Amino acid sequence: MLAYIIRRLGYAIPILIGVNLLTFALFFVVNTPDQMAQVQLGDKHITPEAVQEWKAQRGYDKPLLFNPDKSGLSSVTDTIFYEKSLRLFALDFGKSDAGRSIAADIEQRMWPSLAVALPTFVIGISVNIAFALFIVMFRASIFDTSAMILCVALMSISGVFYVIAGQFFFAKEWNLVPISGYLSGADAWRFLILPVIIGVISGIGGGTRLYRTLFLEEANKDYVRTARAKGVPELTVLFRHILPNGLIPILTSVVVVIPSLFMGSLLVESFFGIPGLGSYTLDAIQSQDFAIVRSMVFLGSVLYIIGLLLTDISYTLVDPRVRLS
Amino acid sequence: MSTSAMDVSSVDVSTMNELGFRLHFLWSDILIFLLAASLIGFAITLYRSPLSRARWAQVFESKIGVAAFMVILFYVVVALVDSVHFQIQLEQTSESSEVHYAPEAKSLLDVVLAPMQGKDEKTYSAPFAIHSFAKATVELPDGGVAREFPRLLHGGSHLENEDEHLVDVMVKSLTIIGWALIPCLILIALHHAFLRKSASGLPWPVIYTTSAIIFLIATWALQMSEYYHVLGTDKVGQDVLCGALKAIRTGVLIGTLATLVTLPLAVLLGISAGYFKGWVDDVVQYIYTTLNSIPGILLIAASVLLIDVYIETHPEQFKLLSDRADFKFIALCFILGMTSWTGLCRLLRAETLKLSQLEYVQAAHAFGVSRWRVITRHILPNTTHLILIALVLDFSGFVLAEAVLSYIGVGVDPSMKSWGNMINEARAELAREPVVWWSVTAAFILMFVLVLAANLFSDRVRDAFDPRTSGSGKSDGGKVK
Amino acid sequence: MSTLLKVDNLRIQAGSTHLVDGISFEISAGEVFALVGESGSGKSLSSLAIMRLLDDALTITGGDIWLGNDSLFALTETQMNGIRGSRIAMVFQEPQSSLNPVHSIGDQIGEVLKLHRGKAANSDIIELLAEVGIPEPEQRIAWYPHQLSGGQKQRVMIAMALACEPDLLIADEPTTALDVTIQKQILELMNELRRTRDLGILLITHDMGVVAEMADRIAVMRHGKILEQAKRAEFFTNPQHEYSRQLIHALPQPDDYLTRNEHAQLLKLENIKVWFAHRKGVLQRISGYTKAVDGISLSIGRGETLALVGESGSGKSTAGRAILRLEDLSEGEIWFDGQRIDVMTQRAFNQYRKRVQVIFQDPFSSMNPRMTVREIIEEGMISLGLVDNAKEREEKIKKLVLRVGLEVSHLDRFPHEFSGGQRQRIAIARAIAVEPELIICDEPTSALDVSIRGQVLKLLQELQDEMGLSYLFITHDLSIIPHLAHRVAVMRNGIIVEQGDTQTLMTTPENEYTQQLLAAVPRIPEHI
């Protein structure tokens, strides 16, 4: 088990290197810092001096990979690649293009993100599983077919509409909750409740449908017939036999996103004005702050890889058949 | 640089000068027609194989399947019609023999939608309204000045008496629908009388109803647009219905072009990984895990930002506004495709691994059949159902993604009509008092219908083609009837 | 003897198709009643109908089933649940998938007890496990199904079925998925239990050997109807129906052996090994090997059939694949017609591809569903450059399909339109199309019904006589060997434990395992 985890972490290194090189290529080779400066400064202020100063302030004035002016080790370390890309491996995110410490921002903003994303995740999965089970209970009936069509319909609505409609009705028309904003501490729930509800509702269609398929697949297996032949009542078959087996693929498939919950949701956070990492990223995209985008890309990959590892471990916990080796 | 065919972002064909226009192909136009042609080709090859023919029959014999298909077909036809662009010849002003063309390319759809275009109001107006949505200062006949809701310039301008408004809408609607019903009924009757004998299992009543409904709605909307703004007008007074219809091209194209990018990559890498195993598999797995590990929306956003930078720093390559928008659009499709091939690739890898263990592949090896032939004859044809299902599912995914991306500000160019852009404006519109609801509603309905149809259709395709799910709906129960 | 179960004119329909068409039979306490038939005869459906576990798509359209004095169809679902597992219990074919993978076997047996008895004491469960012959039941009670072997799982299934001391046990092909030696153990167990518990058993099977060994009374089913019902002795000595006679004749005739001639050597394996590496630890070092084939030597002469016999996991199929170079050798030499072929380059080996061909077990996965029969047969001829002229090739293909007993009109059809037996004929045509000298037959008949099996084997033998073919016949079914193979090699755990000519080996086996294997083959007792 330990050897397995160590090996998996070993696999993660080339992937992170890949992500690192890819972002480096995207942000510094495909587009040069000069072009970034041009776009950032706008048409009016483009003078070579202004561009140079913009680059110098942010440390983009160094050579990309190799610095011929320096000697020894610093000819490699005093470069953009080392300063901006390699340092990410130590989770040293540096400063944003606007001059703020990215690490401090992340530390501060990940909690509101988590406050929205975690309840959405937990409630969402529970609701979907409950609905799916309920539908499987009435499988092959009119109720099943209509519920499935409803699910497909719910899936066919863009997430943006859920947010717009939710905000419009719950906050604007009926005045049940504040439209947007955030408070830390105990009062936060008033601001959290709407985003969480909307997050849950927007996932119901797809989730319920997928889980129904998984449960149905189990429902057709031989051991279910065995259970019935034992005289187990239908409801017990569902909860004691189908549910635990169906939960294995469900749980193991959702584990991968758990670490990424910290990253928050771009859409929900920006619509509801929640000062989390999602809206942070979105602001960075809209103000073209490449340093932040780069950091978030790397952070996202790290969290995803942790998620993959957790997935493997979760298999051993829920499925007696799986042992890691 | 003149309008040469070597232009980076578009191709002009100026052969029909005497007719007063010339075709102007955007790259996305060319791609979409290529795609349509290859899809038809693909359908023909599928039709030849009796196995897949039987399965398609199953798709089209289901009521939902055939209805969804008709709806998708309608959208695709609109998108194709909107993809034939041309520039109208301008009046020759000087003596010079040089022919000038309008700087903006129009499409065939613009011709169809002519009743809705060129009738811009000043600002917002509600559906079927005859008054503007916002108060304006008007001069009264007696010379005084008042703040009131002015009459619209075009919407309902034929009305003498404002009180007739509601009655007029009703009467006109009924008349139009009545007239439109006649050709529907005649066609149905003719078909019923002559073609019924070659009855396949198709659910004709559903086909009739669906096509009649589409036809009635389309005619009604077009005809009513002669008199009113059926879905109101937007902030700058343009007809919302017109914009929403123009956005169909964007939606359909983004769905299909992005899939087009996805497909070859996923198929090539997925099948190679599953078939050759060993280091090929390692490399492919590495690539898709790496790509997967980057949060998709961030990768897209980052890439689109870079495209923006490219466009801004190379203004000389994009002369027409539409060329620029088109370049960004194709780039967006490309980026979407590049970031979402991994799912299908993974599926295909797993399926190929499974297939290459099958005895008929082993038998082919025992016959010394070359690897290339094993892949093309034995493996690829047996994965088409996976590809197909992924194709339709991806399509609806991309259409939905466009809305989110446009909202975030990394979607299609703001100058391009798209549902995402319409929704983007909805934030401000919904904050007004009273709210401006029609723009976002129009985008919602058109988008919802397309995605729903695609999802339902892919469901049927999956039921018919996926051996695992087919029949799973009607299983066990343990009760005596 | 009192009548336990009475099935009266039972009818089952799917839509308008009659799957079970008015069958009637009775079972008494302590009796084994065998319902025999080939696939699709409706025998399994009948058993599910007794349990009221039929798919919703199937409807019971007529008849009645009586358990003692209760009409089963008149009961409510809750009452029926009281009967399932308590008065009637069932054992299914696939022990691999019939147990719930996430519950321990103790829990699963306990569940029945709790349902019908209200409590489940560990001691009772352990006692049950001991009764069905699970070693160390005190520990195994906490084990999960995947930790047990196939035979042990079937024992657990039986323990579960017997937990509440039912009157009737329905066993639906209980040993079909098991190896012969395990099959024998399970059958013995069932026989013993019915004696100790006075249990009525409804045995559903396609295997006449099992029937002969187990049944007191026999009913033969075909196309949803019972053709004949009789006591065992009567049935085997004087079958009334033509179809019953066919089934009985398909059983091996123990004293009918092929005579052995001297054959010139064609294929020789010298000490071949196929090992699969296990990797372990951080650096994925090779920590050990699965020795699928661990040093076997054998030879096959021209026009000779060598049967390679073994149970699942013995490595017999891997050995066959190694000859075709579908597996890499870890060690050893393969000689074909005086040439060493295991070290040849792929290109040079292609010369031998047409001389060595293969027929696989599963007639449903051995043909590409998207190719026509013509394309399937043609593929090898084209890729091995056998007949370049398209017209000649077409002629040859037509001859081939006629030879294997199909029609020319079948050429444009697709595999799914054929039955299992016909598909196997297509596979044979595909193999002989390239005029091979040796054909590796990997369990070519084990997926077929008994009556079809004989026809396919006969075809293979005719072709051997006509074309001078050699066969390496890989099989687990000892019963077909006597009139098929000239020589036999018995494999176990990757090595050949004994080989020799068929008659000698089958009548006077020397190796202990061979003896076990032969003893386990169910046969018609001599004294009937």
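The values are calculated or read from the model by the stated rules, or taken from the named source; none is laboratory data. All figures in this text were calculated on a predicted structure; none of them were measured in a lab. FYI the Cβ positions are ideal-geometry reconstructions off the backbone, even for glycines, and counts take in every protein chain you see. To get the accessible areas, we keep the full protein, side chains included, count just its heavy atoms, and leave off ligands, DNA and RNA. Shrake-Rupley method; radii C 1.70, N 1.55, O 1.52, S 1.80 Å.
Suppose we filter region C:96-130 for residues that are within 25 Å of C:L202 (Cα to Cα), at the interface with chain A (Cβ under 9 Å from one of its Cβ atoms) and not charged (D, E, K, R); how many remain? Working first, answer last.
Of region C:96-130, the ones within 25 Å of C:L202 (Cα to Cα) are C:96-100, C:105, C:108-113, C:115-117, C:125, C:127-130.
After this cut, where a residue has to be at the interface with chain A (Cβ under 9 Å from one of its Cβ atoms) as well, the list is C:96-100, C:108, C:111-112, C:115-116.
Narrowing the set further to residues that are not charged (D, E, K, R) leaves C:96-100, C:108, C:112, C:115-116.
Here the count works out to 9.
Within region A:116-168, take every residue that is at the interface with chain B (Cβ under 9 Å from one of its Cβ atoms) and of a type in the set (F, W, Y) and give me the one that is nearest to the chain's Cα centre (by Cα).
For region A:116-168, the residue satisfying everything is A:F161.
Is there a residue being within 14 Å of chain A (Cβ to nearest Cβ), at pLDDT below 90, open to solvent by 10 Å² or more (accessible area, probe 1.4 Å) and under 22 Å from C:S97 (Cα atoms) anywhere in region C:176-196?
Kept after step one, since they are within 14 Å of chain A (Cβ to nearest Cβ), are these residues of region C:176-196: C:176-177.
Now restrict to residues that are at pLDDT below 90: C:176-177.
Within this subset, residues satisfying the condition of being open to solvent by 10 Å² or more (accessible area, probe 1.4 Å) are C:176-177.
So of that shortlist, the ones also under 22 Å from C:S97 (Cα atoms) come out as C:176-177.
There is at least one residue in region C:176-196 that is within 14 Å of chain A (Cβ to nearest Cβ), at pLDDT below 90, open to solvent by 10 Å² or more (accessible area, probe 1.4 Å) and under 22 Å from C:S97 (Cα atoms).
Can you tell me which of (1) at positive phi; (2) open to solvent by 30 Å² or more (accessible area, probe 1.4 Å); (3) at pLDDT below 70; (4) of a type outside the set (F, W, Y) is the one B:G156 doesn't meet?
Unmet for B:G156, out of (1) at positive phi; (2) open to solvent by 30 Å² or more (accessible area, probe 1.4 Å); (3) at pLDDT below 70; (4) of a type outside the set (F, W, Y): (2).
For region C:262-311, list the strands (runs of 3 or more DSSP E) that sit wholly inside it and hold at least 2 residues that are farther than 23 Å from C:I481 by Cβ; which are they? Quick ask: steps written out before the conclusion?
Working: elements: C:265-280, C:285-301, C:305-309.
It comes to C:265-280, C:285-301.
Using the structure shown, decide if C:G420 is open to solvent by less than 10 Å² (accessible area, probe 1.4 Å) and either touching a Phe, Trp or Tyr at 6+ places or on another chain (Cβ under 7 Å) or of a type in the set (G, A, S) (or both). Break it down into steps so the answer makes sense when it comes.
Values: open to solvent by less than 10 Å² (accessible area, probe 1.4 Å): no; either touching a Phe, Trp or Tyr at 6+ places or on another chain (Cβ under 7 Å) or of a type in the set (G, A, S) (or both): yes.
The answer is no for C:G420.
Give the residue that is farthest from B:S370 (Cα to Cα), with candidates limited to residues of region C:336-347 that are assigned to a loop (DSSP other than H, G, I, E, B) and open to solvent by 20 Å² or more (accessible area, probe 1.4 Å).
Just the residues of region C:336-347 that are assigned to a loop (DSSP other than H, G, I, E, B), to begin with: C:337-338, C:341-345.
Going one step further and asking which of them are open to solvent by 20 Å² or more (accessible area, probe 1.4 Å), we end up with C:337-338, C:342-345.
Working: C:D337: 25, C:G338: 27, C:D342: 19, C:V343: 20, C:M344: 17, C:T345: 15 Å.
Selected residue: C:G338.
Out of C:A159, C:A142, which single residue is more than 20 Å from the chain's Cα centre (by Cα), touching a residue at least 40 places away in the same chain (Cβ under 8 Å) and farther than 24 Å from C:A447 by Cα? Don't jump to the end; show me each part of the working.
Values: C:A142 fails: touching a residue at least 40 places away in the same chain (Cβ under 8 Å).
The conditions single out C:A159.
Of all residues in region C:96-113, which are open to solvent by 40 Å² or more (accessible area, probe 1.4 Å) and at pLDDT 90 or above?
Here is the first cut: in region C:96-113, the residues open to solvent by 40 Å² or more (accessible area, probe 1.4 Å) are C:96-97, C:107.
C:D107 - this is the single residue of region C:96-113 that is open to solvent by 40 Å² or more (accessible area, probe 1.4 Å) and at pLDDT 90 or above.
Go through region C:34-85 residue by residue and tally those that are within 14 Å of chain A (Cβ to nearest Cβ) and among the basic types (K, R).
Result for region C:34-85: 2.
Step by step: first the residues of region C:1-43, then only those that are small (G, A, S) and closer than 17 Å to C:G200 by Cα, then the one that is least open to solvent (accessible area, probe 1.4 Å). Which residue is that? Break it down into steps so the answer makes sense when it comes.
Step one: of region C:1-43, the residues small (G, A, S) are C:2, C:14-16, C:22, C:24, C:28-30, C:34, C:37, C:39-42.
Restricting the remaining residues to those that are closer than 17 Å to C:G200 by Cα gives C:2, C:24, C:28-30, C:34.
Details: C:S2: 76, C:S24: 49, C:S28: 19, C:A29: 19, C:G30: 20, C:A34: 0 Å².
So the residue we want is C:A34.
Only one of these conditions is not met by C:S46: (1) part of a helix (DSSP H, G or I); (2) touching a helix residue (DSSP H, G or I) at 6+ places or on another chain (Cβ under 8 Å). Which number is it?
Tallying (1) part of a helix (DSSP H, G or I); (2) touching a helix residue (DSSP H, G or I) at 6+ places or on another chain (Cβ under 8 Å), C:S46 fails exactly one: (2).
Looking only at strands (runs of 3 or more DSSP E) that lie completely in region C:457-521, which have at least 3 residues being of a type in the set (S, T, Y)? Give the derivation first.
Working: elements: C:470-475, C:487-492, C:495-501.
By residue number, C:470-475.
Counting residues that are more than 14 Å from chain C (Cβ to nearest Cβ) and touching a Pro at 6+ places or on another chain (Cβ under 8 Å), which helices (runs of 4 or more DSSP H) fully inside region A:209-325 reach at least 2?
Details: elements: A:222-229, A:243-254, A:266-272, A:277-286, A:290-318.
Per the criteria, A:266-272, A:290-318.
Quick one: how many residues across region C:66-90 are touching a residue at least 24 places away in the same chain (Cβ under 8 Å) and hydroxyl-bearing (S, T, Y)?
So the count comes out to 1.
From the list C:A429, C:A447, C:A433, which one is at pLDDT below 85 and of a type in the set (A, V, I, L, M)? Even if it seems obvious, please write down each step before you answer.
Working: C:A429 fails: at pLDDT below 85; C:A433 fails: at pLDDT below 85.
The match here is C:A447.
Quick check on my filter: what residues within region B:319-354 are closer than 30 Å to C:S383 by Cβ and surrounded by fewer than 22 Cβ atoms within 10 Å (Cβ to Cβ)?
B:L347, B:A350, B:E351, B:L353, B:K354
Please determine whether any residue of region A:152-165 is open to solvent by 60 Å² or more (accessible area, probe 1.4 Å), of a type in the set (A, V, I, L, M) and either in a helix (DSSP H, G or I) or at pLDDT below 90 (or both). Even if it seems obvious, please write down each step before you answer.
Narrowing region A:152-165 to residues open to solvent by 60 Å² or more (accessible area, probe 1.4 Å): none.
No, that holds for no residue.
Can you tell me which residue among B:A431, B:A453, B:A426 is farther than 30 Å from B:E312 by Cβ, open to solvent by less than 30 Å² (accessible area, probe 1.4 Å), away from chain C (no Cβ under 14 Å) and of a type in the set (G, A, S)? Let's see the steps before the verdict.
Values: B:A431 fails: open to solvent by less than 30 Å² (accessible area, probe 1.4 Å); B:A426 fails: farther than 30 Å from B:E312 by Cβ.
After ruling out the rest, the residue left standing is B:A453.
Please indicate, with yes or no, whether at least one residue in region C:250-262 is of a type in the set (K, R), open to solvent by 10 Å² or more (accessible area, probe 1.4 Å) and touching an Asp or Glu at 6+ places or on another chain (Cβ under 8 Å). Before the answer, list the steps.
Going through region C:250-262, the residues of a type in the set (K, R) turn out to be C:260.
Checking the rest, the ones that are also open to solvent by 10 Å² or more (accessible area, probe 1.4 Å) come to C:260.
Keeping just the survivors that are touching an Asp or Glu at 6+ places or on another chain (Cβ under 8 Å) gives C:260.
There is at least one residue in region C:250-262 that is of a type in the set (K, R), open to solvent by 10 Å² or more (accessible area, probe 1.4 Å) and touching an Asp or Glu at 6+ places or on another chain (Cβ under 8 Å).
Limited to region C:348-368, what total is found for residues that are part of a loop (DSSP other than H, G, I, E, B) and either at the interface with chain B (Cβ under 9 Å from one of its Cβ atoms) or at pLDDT below 85 (or both)?
First, the residues of region C:348-368 that are part of a loop (DSSP other than H, G, I, E, B): C:354-355, C:360-368.
Then keep just the ones that are either at the interface with chain B (Cβ under 9 Å from one of its Cβ atoms) or at pLDDT below 85 (or both); that gives C:354, C:360-368.
Of the residues in region C:348-368, 10 are part of a loop (DSSP other than H, G, I, E, B) and either at the interface with chain B (Cβ under 9 Å from one of its Cβ atoms) or at pLDDT below 85 (or both).
So which residues in region C:379-402 are more than 10 Å from chain B (Cβ to nearest Cβ), crowded, with 17+ Cβ neighbours inside 10 Å and outside any loop (DSSP other than H, G, I, E, B)?
The answer is C:R393, C:K396, C:I397, C:L400, C:V401.
Exactly one condition in (1) outside any helix (DSSP H, G or I); (2) of a type outside the set (V, I, T); (3) surrounded by fewer than 17 Cβ atoms within 10 Å (Cβ to Cβ) is false for A:G206; which is it?
With respect to (1) outside any helix (DSSP H, G or I); (2) of a type outside the set (V, I, T); (3) surrounded by fewer than 17 Cβ atoms within 10 Å (Cβ to Cβ), A:G206 is out only on (1).
Out of region C:466-479, which residues are open to solvent by 10 Å² or more (accessible area, probe 1.4 Å) and either touching a residue at least 24 places away in the same chain (Cβ under 8 Å) or on the phi > 0 side of the Ramachandran plot (or both)? Before the answer, list the steps.
Taking region C:466-479 as the starting set, the residues that turn out to be open to solvent by 10 Å² or more (accessible area, probe 1.4 Å) are C:466-468, C:476-479.
Across region C:466-479, the qualifying residues are C:M467, C:G468, C:H476, C:D477, C:L478, C:S479.
Considering region B:324-379 alone, what residues qualify as being aromatic (F, W, Y) and under 27 Å from C:I440 (Cα atoms)?
Within region B:324-379, B:Y360, B:F367, B:W372 qualify.
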